[in-house]
Amino acid sequence: MPEKYPFQEVEAKWQKIWEEQGTYRASDPGESKAEKYYGLVEFPYPSGEGLHVGHPRSYTALDIMTRKKRMEGDNVLYPMGWDAFGLPAENFAIKNKKHPAEFTAKNVANYQRQTRMLGFGFDWSREINTTNPAYYKWTQWMFSRFFNSYFDDKQQKARPIEELEIPADVQVAGEVAVREYRDARRLAYKTKITINWCPRDKIGLANEEAVGGVCDRCHGPVEKREKEQWMLRITKYADRLIDELAQVNFLDKIKTQQINWIGRSEGASVKFQVASSKSQDAAEIEVFTTRPDTLFGATYMVLSPEHELVKNLESRISNLEEVKNYQEAAAKKSDLERQENKEKTGVELKGIAAINPTTGKEIPIWIADYVLADYGTGAIMAVPAHDERDFEFAKKFGLPIVKVVQPPALDSCAGISISTKGQLDDLRLESECWSGQGIAINSGFIDGLETAKAKEKMIAWLEGQGIGERKVNYKFRDWVFSRQRYWGEPIPLVYCSKCGWVALPDSELPLELPDVANYEPTDTGDSPLASIPEWVNTKCPHCGGAARRETDTMPGWAGSSWYFMRYCDPHNDKEFAAAEKLKYWMPVDLYNGGMEHTTLHLLYSRFWYKVLFDLGFVPAECGSEPYRARVSHAMILAYAYEDKNGHLIPSDTVEERDGKFVVTETGEEATQVIAKMSKSLKNVVNPDDVVADYGADVMRMYEMFIGPYDMDAPWSTQGIIGVRRFLDKVWGIGQNGARSPKSDMKASGMTGSGLRAPSYERLLNYTIKKVGEDIDGMHFNTAVSQLMILTNELSNFAASSHVPTSQEDYEAYLKILAPFAPHLAEELWHRLGHEDSIHRSPWPKYDESKIVADTVAVAVQVNGKVRGQIEVAIDAGEQTVLDAAKNEPNVKKYLEGQNVKKAIYVKGKIVSFVV
RNA sequence: GCCCGAGUGGCGGAAUGGUAUACGCAGCGGACUUAAAAUCCGUGGCCGCAAGGCGUGUGGGUUCGACUCCCACCUCGGGCACCA
C-alpha cells in the first residue's frame, strides 16, 4: 500500500526550522547585492471569526510568486501584519466593559497561528500591528504633517504651511485673519458637514457603515446630522490621482473604477442673473454644466433644497411657506428613500426669475431634490431637451422644452426652439458665428461629433462676456477623517482659544489612547475620550494656556494608508522608515487586494503617499506612486441550496439522493446554487479544519487549482480530494529512492511503450517552462494541472520501484513544485541529502531545444472538417506534408474524384484542403 | 440607466484563429479484498448498429478553418447610480 504524505509531522517540522533559520528573512539594503522584489498582500483585520478560506488564496498566490523570485536570486520582501483598529473590537468593549486591546490581542494571536500553519514565506521579523503605539506614533506624526501643509495649486503639490504666501490684505487684517486663511488651506481641516447619524445608537456612522441608509449595527434608518469633522483635502489630488495612473501597472478595471469614482467632468461655470427691478438686491446663481453649448435651451433653473439663495431672497419669494415645507420634507428624506423613489418633485420659487444670458429671457427658478447640494454649485441650468432628468421634470411641471436643433450660430441667428405648446421662438445670440457641421439629433437629444467644438466656442463666448469660465468638477469628496470612536488613533491636536488648532510637538508622540471606564459614545455623539476630563484638559503647546484635546480618533483607513512603508524598516524609532531603506524597497512591485478596496484604501493610500512624497519624506527616487502593479483576487464562494420556492436553505437540511438534491425532511427537490459562505447557510469552510484533514500543502494547492485566480469559485469538499491524491502520489514517488543516472535510463529498457526517456525529458523541460510562465502570469490553476501531468508520467513508473529520472531532473521537478507545496518539497529535498533549503536553491532552467519534438501529429481537414491525422517530421517541407496528407486513407476517400481548389499547411498544426 | 466581468460535459474548469472538453471531481466497468475503505487499470459530450451527423448562451457575419475576431441580442454576477 502506498504511503501517504504524512503532513502533520512534515509541515510542523519545517515551519519550525524555517522560522529558526530565518529562511524567508529579507536582507536590508547593503547586506545583499541582489535585486529587490517587494510582494505585498493586504494585511487583514483580525476579526473574531478567524481567517476565512478566502484569505489564503491571495496569500498563497503571492507566496508562490515571491518564492519563485527568491529562487531566482532576488532579495524578496513578503511581509505580514495586522490592521487592528476597528469596530468589532469596540463593540466587544462596549458589551463586555473590557479594553478592546484584549479582544484584539486574542484575535491577532489566532490569526498568527492560522497564517503560520499555512506555511507562507512571510518575513515574521517585520510583523506590524497598527494598534501598537510604536506604530501609530507615526500615523499621528503623518497626520501632523497633513495638518501643517497646504496644496500649492500652481505647483500641484503639497508644501509646508509656513511657505504659504499670505496676501497683503489678510496680513493687514490681523493674526486671526491670517490663522483663518491658513486653516482654510491646510490638508487636514475641520469643517461642519452632514454625517450619517443613527438616532437609536446615538452615533455617527461612516458611509460604509450606513450603506443604503441603514445603520450597520441596529439596522434602523439613518438620519443626516451636521457635525464638525476633520477632513483630508484629497480632492486637491484628483488630477494627479488620475494622471499618475499612467505610471503604474494596475488591472484596467481597477484604473477605470478609480477614474470613475473620482468622476472628473469638464465643462463651464455660468452665472445667471436673478431678474430684479431693484438693482440693489441683484443676485446671481452660478451653475456648473458639462454642456455649455446647450445654454440656448436652458428654460428654467433648479436649486437644491439647501441652496443658500432661498434664504437670501426670502423676502422676494411669494410662496415662502410652500417652499419651506418642501425644504423640510427634503431634509428628512434619507438616502434610502431617495434611492427608492426617483419620482421628480419640486416647488417653483414664485416672485423671482433668472435670465438666460444667451436669450435675455426670464426663466423660472425651482427647488428640487434631484439637484444635489454637494455637487457643483448645488444649482443647475435645466435644459430639458438635452438632459433626461430635466426633460422628465419639465414634462411633469409643464415647463418649456427648447431643442437646440442646430449648432448655435453665434453670430446672426441661431437655433429654432419648439416649446411644449408647439410655438416657435427665435433664439438669438449676438456674437461671433459658429460655422461647424450639423449636429445629429439623436432621440430628441442633441449630440454629435461637433459637440466638443461647440463647447469650446461657447466657453470662449462666456469668458468674453465675463459671465462664465472653463471649469472642472469632481464627483468624489474630501476624506472624512474623524470618528467619534474610542478604538482608533487619537488625533494629535489641541484646541486653544487663543491659538486655535495646534499640533502636538513630535516629542509628545505617540499620544496614547487612555483607558476609559465606559466605551459607549456620549449622548452628544462624541467619542468616549470626551468623558475623561483629565485627558481632555491640557496645555496649549504654543502659548502654554489652557487647551482641550481633540477627542475624535482616526478612521480604520489611517493605519493602512502607509503600512507598506513601515515594513521596509519596522523597528525604527527615529523615523517612520529610513530614507535609504525606502529608496531600496519602494515602490511595492506587486500589490494584491480585494476589489472592494479600489475606491477606498487603494485611493487613500496613493493620496497619503503622494503627500509624504511632495513634502520630501518619501525620497524622490521612490517615485510618486507607491505600487508598481496592483492585482485583485476573487472570492471563494460555497455551494448553497434553494428550496422549490427559490429560498436559500441551510446546507445541512439537504442531502443528495441519486444525483439529485432533496430536502431531507420533506423529500422535496432542492437546487444547488453558488452563494457566499455564511453562518446561516451552514456552508462556511474553516481553514483550521481543512489543514487538520488535509494539511497546508493540499489546502494551498487546492486553492490555486480551484479556478482562474481572478474569478470567483465555489469551494468543493469533493474537489480537494484530487489534490490530496496528487500530493500523495508525489510523496510516493519520493519514497522510491533509487534514481537512475541518465545513461542508465537509456539502457534500462524504459524505452518501450508509453514513455521513452526522451519524451520524459521533453515533458520536464516543457513543464519547467510552463509552470514558470504560469506563475508569472498568475495562471496558477494551469500550472498545477501541468505539475499533475508530469507527476502522472513519473508515477507510471512507480511500480517499477525505480524513478525513471536522473537526480538532476528529479531535483528540478521538486523545485518547480516547491512554491506550491513548500513543506513536501523541502522534506523530499532533504531526503536527497541536501543541507540547505530548497526555497533558497536556484530555480531550474529549461532547454528550449529539448521541448521541440522530432515529429508532430498534424490534423488534416477537408472542407473544414477533420478527416484524418498524420505524423510528420517537425521540419518537413510543405509539399511533403501535403502529399502525406493526401495519402492518408480516410482523407483519400474524401478527396477521391474531387478537384482540390486550395491546400493550406500551417506548420506543425494542420493541413486544410478545400474541394 | 451607465460601466466592468462571465456564459464550454453531471460539476470545477482547459484551449485567445488550427484536432473543443487538457487537468481534477463525480459516474460506469474491472483488479486487489471475506467485505468495505484506500489504491491501481480501463472508460468517459450528445444522437446513431455503423458510416456519419450534431455540439462552446441565441441569431447573423468574416475566414480554408471561429469557444476565440466583428455586429445584434439573451441570461447571470459585480460596481456606480438624479454627479447636471
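The values are calculated or read from the model by the stated rules, or taken from the named source; none is laboratory data. Keep in mind it's a predicted model, so treat the numbers as computed, not measured. Every residue, glycine as well, gets a Cβ built from its backbone with ideal geometry; the counts of neighbours run over all protein chains shown. The area values use the complete protein model at the heavy-atom level, side chains included, leaving out ligands, DNA and RNA. Shrake-Rupley method; radii C 1.70, N 1.55, O 1.52, S 1.80 Å.
Quick rundown of the values:
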read-out	value
Contacts under 6 angstrom Cβ, first residue in segment A:865-877 being free of Cβ contacts under 8 Å to residues at least 12 places away in the same chain, partner open to solvent by less than 90 Å² (accessible area, probe 1.4 Å), 6 or more apart	A:Val866/A:Ala859
Top-ranked residue of segment A:4-19 - restricted to ones that are at pLDDT 90 or above and outside any helix (DSSP H, G or I), ranked as least open to solvent (accessible area, probe 1.4 Å)	A:Tyr5
Within segment A:341-395, considering residues that are among the aromatic types (Phe, Trp, Tyr) and over 34 Å from the mean Cα position of the chain (by Cα), the one nearest to RNA strand B (Cβ to nearest atom)	A:Phe393
Members of segment A:817-862 that are hydroxyl-bearing (Ser, Thr, Tyr) and open to solvent by less than 40 Å² (accessible area, probe 1.4 Å)	A:Ser837, A:Ser841
Odd one out for A:Glu793, checked against (1) surrounded by 18 or more Cβ atoms within 10 Å (Cβ to Cβ); (2) modelled with pLDDT under 90; (3) touching a strand residue (DSSP E or B) at 6+ places or on another chain (Cβ under 7 Å)	(3)
Within segment A:325-353, tally of residues that are under 13 Å from A:Ile367 (Cβ atoms) and either surrounded by 15 or more Cβ atoms within 10 Å (Cβ to Cβ) or of a type in the set (Phe, Trp, Tyr) (or both)	11
Checking A:Asp63 against (1) open to solvent by less than 10 Å² (accessible area, probe 1.4 Å); (2) acidic (Asp, Glu); (3) in contact with an Asp or Glu (Cβ under 6 Å, 6 or more places away or on another chain), the condition it does not meet	(3)
Any hit, segment A:138-145, residues being free of Cβ contacts under 8 Å to residues at least 40 places away in the same chain, in contact with a Phe, Trp or Tyr (Cβ under 7 Å, 6 or more places away or on another chain) and open to solvent by 10 Å² or more (accessible area, probe 1.4 Å)	no
In segment A:40-63, the residues that are among the aliphatic types (A, V, I, L, M) and under 17 Å from A:Ala629 (Cα atoms)	A:Leu40, A:Val41, A:Ala61, A:Leu62
Qualifying residue in segment A:898-908 (condition: out of contact with any helix residue (DSSP H, G or I) (no Cβ under 9 Å at 6 or more places or on another chain), surrounded by 11 or more Cβ atoms within 10 Å (Cβ to Cβ) and touching a residue at least 40 places away in the same chain (Cβ under 8 Å))	yes
Failed condition for A:Lys893, given (1) near RNA strand B (Cβ under 10 Å from one of its atoms); (2) under 49 Å from the mean Cα position of the chain (by Cα)	(2)
Condition broken by A:Phe820, with the remaining ones in (1) within 16 Å of RNA strand B (Cβ to nearest atom); (2) over 41 Å from the mean Cα position of the chain (by Cα); (3) not acidic (Asp, Glu) satisfied	(2)
Candidate set: segment A:863-897, residues that are closer than 27 Å to A:Asn765 by Cβ and of a type in the set (D, E, K, R); chosen: the one surrounded by the most Cβ atoms within 10 Å (Cβ to Cβ)	A:Asp875
Any hit, segment A:165-180, residues being touching a residue at least 60 places away in the same chain (Cβ under 8 Å) and farther than 29 Å from A:Asn572 by Cα	yes
Answer from A:Glu322, A:Glu314 - the residue that is open to solvent by 10 Å² or more (accessible area, probe 1.4 Å), modelled with pLDDT of 90 or more, more than 10 Å from RNA strand B (Cβ to nearest atom) and more than 32 Å from the chain's Cα centre (by Cα)	A:Glu322
Selected residue [surrounded by fewer than 21 Cβ atoms within 10 Å (Cβ to Cβ), farther than 24 Å from A:Leu727 by Cβ and in contact (Cβ under 8 Å) with a residue 60 or more places away in the chain] from A:Gly39, A:Gly48, A:Gly22	A:Gly22
Hits in segment A:833-883 (condition: among the hydroxyl-bearing types (Ser, Thr, Tyr) and farther than 21 Å from A:Phe820 by Cα)	A:Ser849, A:Thr855, A:Thr880
Count - residues of segment A:679-719 that are away from RNA strand B (no atom under 11 Å from the Cβ), without any contact (Cβ under 8 Å) to a residue 12 or more places away in the chain and not in a helix (DSSP H, G or I)	1
Count of residues meeting criterion [closer than 16 Å to A:Tyr584 by Cα, hydrophobic (A, V, I, L, M, F, W, C) and either open to solvent by less than 20 Å² (accessible area, probe 1.4 Å) or without any contact (Cβ under 8 Å) to a residue 60 or more places away in the chain (or both)] in segment A:594-625	4
Residue ID - most open to solvent (accessible area, probe 1.4 Å), chosen from residues in segment A:643-672 that are in a loop (DSSP other than H, G, I, E, B) and touching a Lys or Arg at 6+ places or on another chain (Cβ under 8 Å)	A:Glu668
Tabulated pairs, segment A:760-782, first closer than 19 Å to A:Asp710 by Cβ, second charged (D, E, K, R) and within 14 Å of RNA strand B (Cβ to nearest atom), C-beta under 6 angstrom, 6+ apart or interchain	A:Thr782/A:Asp774
Residues of segment A:850-869 classified as of a type in the set (Ser, Thr, Tyr) and near RNA strand B (Cβ under 9 Å from one of its atoms), total	0
Which listed residue, of A:Ala675, A:Ala634, A:Ala640, is surrounded by 16 or more Cβ atoms within 10 Å (Cβ to Cβ), under 21 Å from the mean Cα position of the chain (by Cα) and modelled with pLDDT under 95	A:Ala634
Index of the failed condition, A:Asn249 passing every other in (1) open to solvent by less than 80 Å² (accessible area, probe 1.4 Å); (2) in contact with a strand residue (DSSP E or B) (Cβ under 9 Å, 6 or more places away or on another chain); (3) more than 30 Å from A:Tyr519 (Cβ to Cβ); (4) modelled with pLDDT of 80 or more	(1)
Residue list for segment A:325-340, filter: within 16 Å of RNA strand B (Cβ to nearest atom), modelled with pLDDT under 90 and not aliphatic (A, V, I, L, M)	A:Lys332, A:Lys333, A:Ser334, A:Asp335, A:Glu337, A:Arg338, A:Gln339, A:Glu340
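Residues are listed down the side, and each one gets a yes or a no for (1) within 16 Å of RNA strand B (Cβ to nearest atom); (2) out of contact with any Ser or Thr (no Cβ under 9 Å at 6 or more places or on another chain):
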| site | (1), (2) |
| --- | --- |
| A:Asp569 | no, yes |
| A:Lys574 | no, yes |
| A:Leu590 | no, no |
| A:Met595 | yes, no |
| A:His601 | yes, no |
| A:Arg628 | no, yes |
| A:Ala640 | yes, no |
| A:Gly646 | yes, no |
